[in-house]
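Q: One structure, as structure tokens, below. Some questions next.
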Protein chains: 2
Amino acid sequence: MFKVKERCLAGRIGVLKTKRGFLETPYLFPVIDLERQEIPLSEIRALGFRGVITNAYLLFRRGFKGDITLLLKPFEVIMTDSGAYQYLEYGRIDIDNATIIEYQKKINSDIAVILDVPTGDSKDRVWAEFTVRETLRRAQEALKLVDREKRLWVLPIQGGVHLELLEISAIESSNLEFDIYALGSPTKMLERYRYEAILDMIFSVRRNLPFCKPLHLFGAGHPMMIPIAVAMGVDLFDSASYILFARQDRYMTEAGTKHVSELEYLPCSCPVCHRLDARELRELNRAERTRLLALHNLGVISATLKKTKQAIVEGRLWELLEEQSRRHPRLYSAFVWIAKRYSKWLEAFDPRINRISKAVMLYDLLSLRNPRVGRALRHLRTEYSPPPLYKYLLLRPRTSIDNVSNEILTRLKDQVHIVFYDEVLGVIPSELSRTYPLGHSITPGIRPWGPSKSLLRRIREYVLKYKSSYAMPIMIEVCREWDESELLKELPSDVSFKVLVVDCEY
Amino acid sequence: MFKVKERCLAGRIGVLKTKRGFLETPYLFPVIDLERQEIPLSEIRALGFRGVITNAYLLFRRGFKGDITLLLKPFEVIMTDSGAYQYLEYGRIDIDNATIIEYQKKINSDIAVILDVPTGDSKDRVWAEFTVRETLRRAQEALKLVDREKRLWVLPIQGGVHLELLEISAIESSNLEFDIYALGSPTKMLERYRYEAILDMIFSVRRNLPFCKPLHLFGAGHPMMIPIAVAMGVDLFDSASYILFARQDRYMTEAGTKHVSELEYLPCSCPVCHRLDARELRELNRAERTRLLALHNLGVISATLKKTKQAIVEGRLWELLEEQSRRHPRLYSAFVWIAKRYSKWLEAFDPRINRISKAVMLYDLLSLRNPRVGRALRHLRTEYSPPPLYKYLLLRPRTSIDNVSNEILTRLKDQVHIVFYDEVLGVIPSELSRTYPLGHSITPGIRPWGPSKSLLRRIREYVLKYKSSYAMPIMIEVCREWDESELLKELPSDVSFKVLVVDCEY
């Protein structure tokens, strides 16, 4: 049903099989409403979307009695939603759980959802508890009705912003045999880019569900959101925003949404944005503009999914979050939230290395929260001792060009233990310099204005910890531009150093 | 000839007029060689490229005698290079300055270059001095030959990595009446992503040239490089790398270049990457793969140019550099270099406000180097005093939800001066909260784990500086989650504070 191919952080690339076809996750189902479909289905399919979601409740109300897979022919995977959204929107719905389950079977959905009672954004705890209990009751009821051999069945997890309820709900749900679990997103918070709340919600659910089961995040489909949600273990998304935004003349970018009136240029390489300039887009008639904006929006979503998957393959999902974090201050907040609250948790899921692991990229001290780096540095701190075959210690800036001290090295030959120091990584023994991730890493390097206090502190710690392993003096290469005395002031005064001035490259 | 429409930092959007047409800058001329042109010219034109560059020296050697504007018909602006590249590559060239100038006139180039002697990457100062002197001599000679009423003439500035020679060369050149000045880029450094050197070179040249004249950066056309170069005042680029890379199966992204064998996904929304997946691309025959990779590469370049221009329009070029800085550690280094060395210089060029100025986005203390923000904060520090109409001071977290202290506010009414505090911006009096840029700004806001030492220091400074303007106690709102005593410890002990606990939103 669901098979994980590649992993990075808690994110994964998986294959979700249905009776008729398959999808590669992370995947986003574009929401389709055939009564109001401004883009031909074939154009959505041509963008690479193999599956869509449509609303079974609306089809039921409209008296549709056919086979949905024929109605939405271009697509291999048809998901239907049960009407919970209408419940949220209008406060009531005139259908019951058994009826909508039977209806989804009859119209032959590939992926179907039971009729949950969505908690929504509500802060009312009594209400939230009711939605949890009632949804779990309906899930029990549904288990007698669903045909899991014919289609995948989805169980939504309730609790909303009440994290402890979400946890209970997820624990209970994990005992019920469904194919996919789902979480409703707090749409009001998403609209205001308050990602921290949804990160906490995803965490509360994901950590209590079997890791082998896919998790669907309802109603979240902005490109800003996708990489962080995937990193936290979300596999599936659905979204109508590509078309809702298009109808309001709103243009998605990975950094936010812009109104077309704000655009003097179309900062994108998709076919729509290549063909038209911003003025031409604005001057189209409404129907055509909506169609093209929707295609652009889907194009951005598709590219974001591909970028996220490529990052997983390369073992660089953390770096993608870091890249995202400078697209908008709210994304930075979300990144810091993950770094401070969840990097430890993510470490448990993250494989140590991927099939293709590209060099780790680091920027500043926050980059050390990258679980791969954090794990390796912790290991270095707790398990390391200098190899006994060396007599002398040479501390060397990680990117210096070898020159001055080469004479010394030639003279002392194999007696010198070279230990690199780096502004971000700190102190890295040279024997690790060919290993992943500490050696196989790209950092901004040392700077002409000298090492930071934080780096000097880490050098000092290394020297104090291991000084008994080496003969004195300890050799330290410093860059020509640095203030040598400033630097020595920060090193232990009871250890003797020999300073070697070298030419550094910045 | 060249008219600036919009500015941000030292970057600008301009219109460069030639006798036959015009280009909007920043612009990149794709390098065309008709003897080896894997992409039809019409496809390059269809991507929005209105101008190209080709090598006049090669045309001369091949005996071309026609009109280049007919030969390269789809394009409105044809630039020709003089052969300096061949000089760099082969150490000699069998043509003289007057001949290639006359030849470019004869074949009817729209933009032509005199035959300079390029310094290249050489560290040899004697050689570099020779290239400067000889190029200036040829420029003098050229002035008697060029027909500036018929085409734009380009003068390359020599000096290479010898910054003081570059400065001299730029100063001398600025006295010679050319239409465009050009700078050769140190290609070896660019290949290794050593952007600092080229930033220093651009600075040395740009600050000594008339700001109204466009600056062309030869041989730099990677999307990684474009926004930083534009921010430093570069208007024109040319590049063959779109096709050279394509021939080597290399795929450009804004974050670097990948070999197609590394790609499991094509993380892009351009027409090529929509139509094909990574496997299909790899399995094409070489000619077709080269063509499509070149189109993709040009698509990325085009999107980067549009993104850069949109950022200039919005007054957010600094933010674009900040975004770029998390795409690769070398770009981070370049950003820090600009922030530390050139933000003051950029401030002199940067208009205080653009026609459409979007809210400033800030992430961390490095964001304060944004010239717009730096200028406003300096002004606040040196010119500000609290309005005399208030009696009390209320310090308020910038994103708190008003509640507890509202009662106090109601009671004290107009006697309270509200001053916001923010993790990045520091202390911002509320009367500025509707002004650009300090009030019209987006920051990550305060955090549940409490204010940083840096913020507390800035609050302390404000209180100490202005305490005599207010009646005691000073009211300070703190978030419910914070450790109140930790916070008070950092505030001046001789000032009395009244702490109001509030609910904050993160």
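Q: Taking amide H positions as placed in the peptide plane 1.01 Å from N, state which residues far from residue A:2 in sequence (5 or more) or on other chains have amide H under 5 Å from it.
A: Those lying under 5 Å, H to H, from residue A:2 are A:17.
Q: Do you know which residues of region B:252-288 lose at least 50 square angstrom of accessible area in the protein assembly compared with their chain on its own, with a 1.4 angstrom probe?
A: B:258, B:262, B:264, B:265, B:267, B:269, B:274
Q: With a Cα-only, solvent-free Debye model of region B:384-502, what are the log10 I(q)/I(0) values at q = 0.12, 0.15, 0.17, 0.19 Å⁻¹?
A: -0.39, -0.63, -0.83, -1.07
Q: Extending each Cα 7 Å along its Cβ direction at residue A:35 and residue B:211, get the distance between those two points in nm, one decimal.
A: 6.0
Q: Here's something else I'd like to know. Output ³J(HN,Hα) for region A:298-307: one whole-Hz value per residue in order, computed from phi by the Karplus curve 6.51 cos²θ - 1.76 cosθ + 1.60 with θ = phi - 60°, and x for Gly and Pro.
A: Once rounded to whole Hz, the list reads 5, x, 5, 4, 4, 5, 5, 4, 5, 5.
Q: How long is region A:9-121 along each principal axis, judged by its Cα atoms, biggest number first, in Å?
A: Each principal axis gives a Cα extent; for region A:9-121 these are 37, 36, 27 Å.
Q: Still on this structure: Give, to the nearest whole percent, the P(r) tail of region B:228-341 beyond 22 angstrom, counting all Cα pairs.
A: Details: 2544 of 6441 pairs.
So the pairs more than 22 Å apart make up 39 percent of the total in region B:228-341.
Q: Pull out the extension gain between residue B:15 and residue B:410, defined as 0.36 nm times the separation in residues minus the alpha carbon to alpha carbon distance; nm, one decimal. Provide the component values of the computation, followed by the final result.
A: Details: separation 395, 0.36 × 395 = 142.20 nm, distance 5.55 nm.
Result: 136.7 nm gained on full extension.
Q: Could you please report the charge total around residue B:137, scoring K, R as +1 and D, E as -1 over all other residues with beta-carbon less than 11 angstrom from its beta-carbon? Can you show the working numbers first?
A: Details: positive: B:133, B:138; negative: B:116, B:134, B:141, B:172.
Neighbour charge sum, excluding residue B:137 itself: -2.
Q: May I pose another question? Would you please state which residues of region A:163-188 a label at residue A:149 would reach in this model, taking the label point 7 Å out along Cα→Cβ and a backbone N cut-off of under 20 Å?
A: Flagged as within label range: A:177-180.
Q: Next question, about the same structure. For region B:2-349, report the accessible area per residue in Å² (1.4 Å probe, heavy atoms, rounded to an integer). Working shown, then result.
A: Values: 11970 Å² over 348 residues.
Accessible area per residue, region B:2-349: 34 Å².
Q: Another question, then. Could you work out what % of the accessible surface of region B:384-502 is carbon and sulfur, using a 1.4 angstrom probe and leaving DNA, RNA and ligands out of the count?
A: Details: 2930 of 5540 Å².
Exposed carbon and sulfur together represent 53 percent of the surface.
Q: Each residue of region B:370-375 in turn: what ³J(HN,Hα) in whole Hz from Karplus with 6.51, -1.76, 1.60 and θ = phi - 60°, glycine and Pro shown as x?
A: The phi angles translate into 3, x, 5, 6, x, 4 Hz.
Q: Let me ask another. Only bridges whose two residues both fall in the protein assembly as shown count here: according to DSSP, what percent of them are antiparallel, nearest 5? Don't skip to the answer; put the middle values down first.
A: On the way: 38 of 120 bridges.
Percent antiparallel among DSSP bridges in the protein assembly as shown is about 30.
Q: Rounded to the nearest 0.05, what FRET efficiency do residue B:383 and residue A:452 have when you use their Cβ-Cβ distance and R0 = 35 Å?
A: Details: r = 33 Å, r/R0 = 0.93.
Computed FRET efficiency for residue B:383 and residue A:452 comes out at 0.60.
Q: Measure nothing but the geometry: give the 0 to 90° angle between the long axis through the Cα atoms of A:97-106 and the longest principal axis through the Cα atoms of chain A, rounded to 10°.
A: 90
Q: If you don't mind, there's one more thing I want to ask. If amide H atoms are built 1.01 Å from N in the plane of the peptide, which residues on other chains or at least 5 residues away come under 5 Å of the amide H of residue B:237?
A: Here the answer is B:27, B:28, B:29, B:217, since their amide H atoms fall under 5 Å of that of residue B:237.
Q: Further, regarding this structure: Averaged over every viewing direction, what's the projected area of the C-alpha convex hull for region A:2-250? Give it in nm², one decimal, please. Each step should come with its number before you reach the end.
A: Working: hull surface 49.2 nm².
The orientation-averaged projected area of the Cα hull of region A:2-250 comes to 12.3 nm².
Q: Multiplying the sequence separation of residue B:282 and residue B:348 by 0.36 nm and subtracting their Cα-Cα distance, what value in nm do you get? Numbers along the way, then the final one.
A: On the way: separation 66, 0.36 × 66 = 23.76 nm, distance 4.88 nm.
Stretched fully, the residue B:282-residue B:348 segment lengthens by 18.9 nm.
Q: Amide H neighbours of residue B:442 under 5 Å, at least 5 residues apart or on other chains, H built in the peptide plane: list them.
A: Counting only residues 5 or more places away or on other chains, the set is B:360, B:361, B:362.
Q: Another one. Taking 1 over the mean of 1/r across every pair of different Cα atoms in chain A, what Kirkwood radius in Å do you get?
A: On the way: mean 1/r = 0.0392 Å⁻¹.
By the Kirkwood definition, the hydrodynamic radius is 25.5 Å.
Q: Next up: Ordered by residue, what ³J(HN,Hα) values in Hz, to whole numbers, does region A:146-153 give under the Karplus form 6.51 cos²θ - 1.76 cosθ + 1.60, where θ = phi - 60° and Gly and Pro are x?
A: 6, 10, 5, 6, 9, 8, 8, 10
Q: Send over the Kirkwood Rh of the protein assembly as shown, from the inverse of the averaged 1/r over different Cα pairs, rounded to one decimal Å. All intermediate terms of the calculation are to be shown ahead of the outcome.
A: Working: mean 1/r = 0.0318 Å⁻¹.
Taking the inverse mean of 1/r over all distinct Cα pairs, the protein assembly as shown comes out at 31.4 Å.
Q: Run lengths n ≥ 4 of DSSP H only: what is the helix-derived mean residue ellipticity at 222 nm for chain A, with -39500 (n - 2.57) per run over all residues, to the nearest 500? Display every interim value, and only then the final one.
A: On the way: 21 runs with 200 residues, N = 506.
The helix-only estimate for chain A comes to -11500 deg cm²/dmol at 222 nm.
Q: So which residues in region B:458-506 end up with at least 10 square angstrom less accessible surface once the other protein chains are there, compared with the chain by itself, probe 1.4 angstrom?
A: With the partner chains in place, region B:458-506 has these residues losing at least 10 Å²: B:505, B:506.
Q: Hey, another quick one. What distance in nm separates the simple spin-label points at residue A:489 and residue B:73, each placed 7 Å from Cα in the Cβ direction?
A: Using points 7 Å along Cα→Cβ, the separation is 7.3 nm.
Q: For residue B:460 and residue B:50 in one chain, what is 0.36 nm times their gap in residues minus the Cα-Cα distance, to one decimal in nm?
A: Details: separation 410, 0.36 × 410 = 147.60 nm, distance 5.67 nm.
Fully extending the segment from residue B:460 to residue B:50 adds 141.9 nm.
Q: Among the listed pairs A:188/A:307; A:453/B:465; A:309/A:358, give every one whose C-alpha distance is greater than 18 Å. If you can, show how the numbers build up before the last one.
A: Working: A:188/A:307 27 Å; A:453/B:465 29 Å; A:309/A:358 14 Å.
Listed pairs above 18 Å: A:188/A:307; A:453/B:465.
Q: For region A:320-337, list whatever residues lose no less than 50 Å² of accessible surface once every protein chain is in place, relative to that chain by itself, with the probe at 1.4 Å.
A: Buried by the other chains: A:323, A:326, A:327, A:329, A:332, A:337.
Q: So which lysines can residue B:65 reach, going by Cα to Cα under 21 Å and dropping same-chain residues fewer than 8 places off?
A: Straight-line reach from residue B:65, under 21 Å: B:19, B:73, B:105, B:106, B:150.
Q: Exactly which GluC sites (Glu not before Pro) in region B:119-223 are in a DSSP loop and have at most 13 other Cβ atoms within 10 Å? Kindly include the intermediate steps, with their values, before the conclusion.
A: Values: sites: B:129, B:134, B:141, B:149, B:164, B:167, B:172, B:177, B:191, B:196; in loops: B:149, B:177.
Answer in residue order: B:149, B:177.
Q: Kindly compute the accessible surface that chains A and B hide from a 1.4 Å probe when together, both sides summed, and give it to the nearest 100 Å².
A: On the way: alone 22120 and 22100 Å², together 38840 Å².
Heavy-atom accessible area buried at this interface is about 5400 Å².
Q: Could you pull out the trypsin sites (Lys or Arg not before Pro) across region B:94-130 that fall in loop regions by DSSP (anything but H, G, I, E, B) with no more than 11 other Cβ atoms inside 10 Å?
A: Loop-located and lightly packed - B:123.
Q: Separation of region B:438-506 and region A:449-465 by C-alpha centroid, Å?
A: Between the Cα centre of region B:438-506 and that of region A:449-465, the gap is 32 Å.
Q: If I model a spin label at residue A:124 and residue B:192 as a point 7 Å from the Cα along the Cα→Cβ vector, what separation in nanometres do I get?
A: Result for the modelled spin labels: 6.7 nm.
Q: To the nearest 10 degrees, how steep is helix B:125-143 against the longest Cα principal axis of chain B, on a 0 to 90 scale?
A: The angle comes out near 70 degrees.
Q: Which percent of the accessible area of region A:2-250 is formed by carbon and sulfur heavy atoms (probe 1.4 angstrom)? Before the final figure, lay out the partial values.
A: Working: 4940 of 9230 Å².
Of the solvent-accessible surface of region A:2-250, carbon and sulfur hold 54 percent.
The values are calculated or read from the model by the stated rules, or taken from the named source; none is laboratory data. Keep in mind that this is a model prediction, so the values were computed, not measured. Using ideal geometry, Cβ is built from the backbone for each residue, glycine included, and neighbour counts are taken over all protein chains shown. The accessibility values were calculated without ligands, DNA or RNA, using every heavy atom of the protein model including side chains. Shrake-Rupley method; radii C 1.70, N 1.55, O 1.52, S 1.80 Å.
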